[in-house]
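Okay, so here's the structure we're looking at.
The values are calculated or read from the model by the stated rules, or taken from the named source; none is laboratory data. No experiment lies behind these values; they were computed from the predicted model shown. Backbone-built Cβ (ideal geometry, glycine too); neighbour counts: all protein chains shown.
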């Protein structure tokens with residue numbers, strides 16, 4: 001047992017749901033723009049969205065109520081936050097508060113990045129729930145079980 005308070009079980013609350021493992025490659029992609037695929041993973045209060053950009057693909061400038069943190073895993077993309085643009089490469093992070101206009105685009109190479117949304121991104125919620133339910137039904141053998 002760790003004496004480090006960061007890893008403590010002292011004062012642990014009651015679990016809200018069972019933990020689970022997710023095979024991101026098994027998630028059916030959502031495509032809103034050609035060359036831009038989204039694979040959302042839904043937690044109890046947060047969504048992580050695995051995003052694949054093909055070369056020369058743009059996520060149009062937009063805004064939403066959810067806070068978003070973008071983490072580039074592979075490749076690079078130009079990311080615009082309210083008119084300020086930066087090139088993000090592996091390890092680069094952008095923090096987008098609610099309602100701040102933003103967008104991104106790739107050039108000659110693809111990019112894999114992760115979006116963290118809190119609360120979960122409304123436009124991906126139905127798809128993410130369906131994927132979660134399908135995975136739960138497959139794992140345990142019964143519909144809706146997780």
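Some observations on this one:
- Test result for residue 58, touching a strand residue (DSSP E or B) at 6+ places or on another chain (Cβ under 8 Å) and touching a residue at least 40 places away in the same chain (Cβ under 8 Å): yes
- Each residue in the range 74-102 was checked for being under 18 Å from residue 33 (Cβ atoms) and assigned to a loop (DSSP other than H, G, I, E, B), and 1 pass.
- Filtered residues of the range 51-64 (kept if assigned to a loop (DSSP other than H, G, I, E, B), farther than 18 Å from residue 25 by Cα and over 15 Å from the mean Cα position of the chain (by Cα)): 55, 56, 57, 63
- Some residue of the range 106-122 being out of contact with any strand residue (DSSP E or B) (no Cβ under 7 Å at 6 or more places or on another chain), at pLDDT below 95 and within 18 Å of residue 33 (Cα to Cα): yes
- So residue 101, is it under 16 Å from the mean Cα position of the chain (by Cα) and at pLDDT 95 or above: no
- Checklist (1) within 30 Å of residue 136 (Cα to Cα); (2) out of contact with any helix residue (DSSP H, G or I) (no Cβ under 9 Å at 6 or more places or on another chain); (3) in a loop (DSSP other than H, G, I, E, B) applied to residue 71, failing item: (3)
- Top-ranked residue of the range 1-50 - restricted to ones that are in contact with a strand residue (DSSP E or B) (Cβ under 6 Å, 6 or more places away or on another chain) and in a loop (DSSP other than H, G, I, E, B), ranked as surrounded by the most Cβ atoms within 10 Å (Cβ to Cβ): 27
- Failed item in (1) exposed (fewer than 14 other Cβ atoms within 10 Å of the Cβ); (2) within 16 Å of the chain's Cα centre (by Cα); (3) on the phi < 0 side of the Ramachandran plot, with residue 84 passing the rest: (2)
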